[in-house]
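Working notes, structure below.
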Amino acid sequence: MLNMQRLEMFVAVVKARSFTGAAQTLGLTRAVVSFNIKQLEEELGVSLLTRSTRKVAVTDTGERFYLQCLQLLQDAERVFDDVRGDHSGLSGTLRITTTPEYGARVVVPALAAFASLHPQLRIQHISSSRNDDLIAERLDVAIRLGQLADSTHHARLIDSFDIFPVAAKSFLARHPDGIVDDPERLQSARWIAHSRLTTPLSWQILTPAGDNFLFKVSHPAELMADSAASLLAFVQNGAGVALLPAWLVQDDIAKGDLVKLLPDYRFPRQGIYALYPNTRHVPKKVRLFIDFLQSRIKNPDEETTLPL
């Protein structure tokens, strides 16, 4: 008979890399955790862990079993949450990860509104620019921006947004050579690149006449950053030109602090995606929040209330 508690203990030991750390996390004694792991190994007939006086390591079999346990525990948690939710509203925990910038501006306010509609639901927001593994990190939803890479997860397109090059007036004052509206001159400007993109300085754009134009920066970037917030800070301080999302820079442009370059050209629109684990059972809390977020993004001036 499957013992879910033992699976939870095994997962905790692997994460903590020690029996003591797992015991502290679970609120149990080290002896109880150690006994249950030994029982689990005997039931399976394999060694999941190797033990030494200093640390606990996972065997190859244990590593595969660990990933399967994570999936199984998540599935079980989702089923229980949905059954409870049928009678008393959404409950359990909703774990969501986003980039820091888009999270603070869009997703966190949506989460706050969603939480007010479902007071029994616990919400955890993880701010990260990394492509975290949803299963390993036990995440329910990841909001990804840009061009979506191949993934084993479900992906739903929520919305899209424009990107365009921007620069500070102080930078443009030092470069009065027509880079504002001339793509060939702008290609030779000082660019700040996003280090997480595979081709941060090469884009297929549309000209005012509707023709395709390969926009490719002439020189390697002198400055690089791994987040949109850092790119924006560089630009605001007159360090160069960067390609940034409209939702991030539109206020600075409206105030006149930044200038939109190549205003008559069109860079490829980027997607806003909700990724969630590819499982047979998609939790109600996941489905409802994605619907809620999409409705809120597309109708920002309307109060979003979605029925259960």
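If you place +1 on the Cβ of every Lys and Arg, -1 on the Cβ of every Asp and Glu, and leave all else neutral, what size is the dipole of the range 212-298 about its Cα centre, to the nearest 20 Debye? Before the final figure, lay out each step's value.
Numbers: 11 positive and 7 negative charges, 146 e Å.
It works out to roughly 700 debye.
Average the reciprocal distances over every distinct pair of alpha-carbons in the chain, invert the result, and give the Kirkwood radius in Å.
Details: mean 1/r = 0.0442 Å⁻¹.
Over the chain, the inverse of the mean reciprocal pair distance is 22.6 Å.
Using alpha carbons only, what's the Rg to Rh ratio of the range 124-228 with Rh from Kirkwood?
My calculation of the ratio gives 1.04.
So how tilted is helix 246-255 from the main axis of the chain? Cα-based, degrees 0 to 90, rounded to 10.
Approximately 40 degrees, to the nearest ten.
Along the positive direction of the dipole of the chain (beta-carbon charges: Lys, Arg +1; Asp, Glu -1; about the Cα centre), which of Ala12, Thr93, His175 reaches farthest?
Going by the charge dipole, the pick is Ala12.
How far is helix 108-117 tilted off the main Cα axis of the chain, in degrees rounded to 10, range 0 to 90?
Around 50 degrees separate the two axes.
Only Cα pairs within less than 10 Å get springs; with that Gaussian network setup on the chain, which residue of Pro100, Pro283, Pro220 has the largest fluctuation?
Most flexible of the set in this elastic network: Pro220.
Evaluate 2.2 N^0.38 Å with N set to the residue count of the range 192-256, then give the Cα radius of gyration divided by it.
1.20
Considering all projection directions equally, how large on average is the shadow of the alpha-carbon convex hull of the range 4-73, in square nanometres?
The orientation-averaged projected area of the Cα hull of the range 4-73 comes to 4.2 nm².
Just so you know, all these numbers are worked out from the coordinates, no wet-lab data involved. Source: prediction; values computed, not measured. No Cβ is skipped: glycine too gets one built from the backbone with ideal geometry, and neighbour counts run over all protein chains shown.
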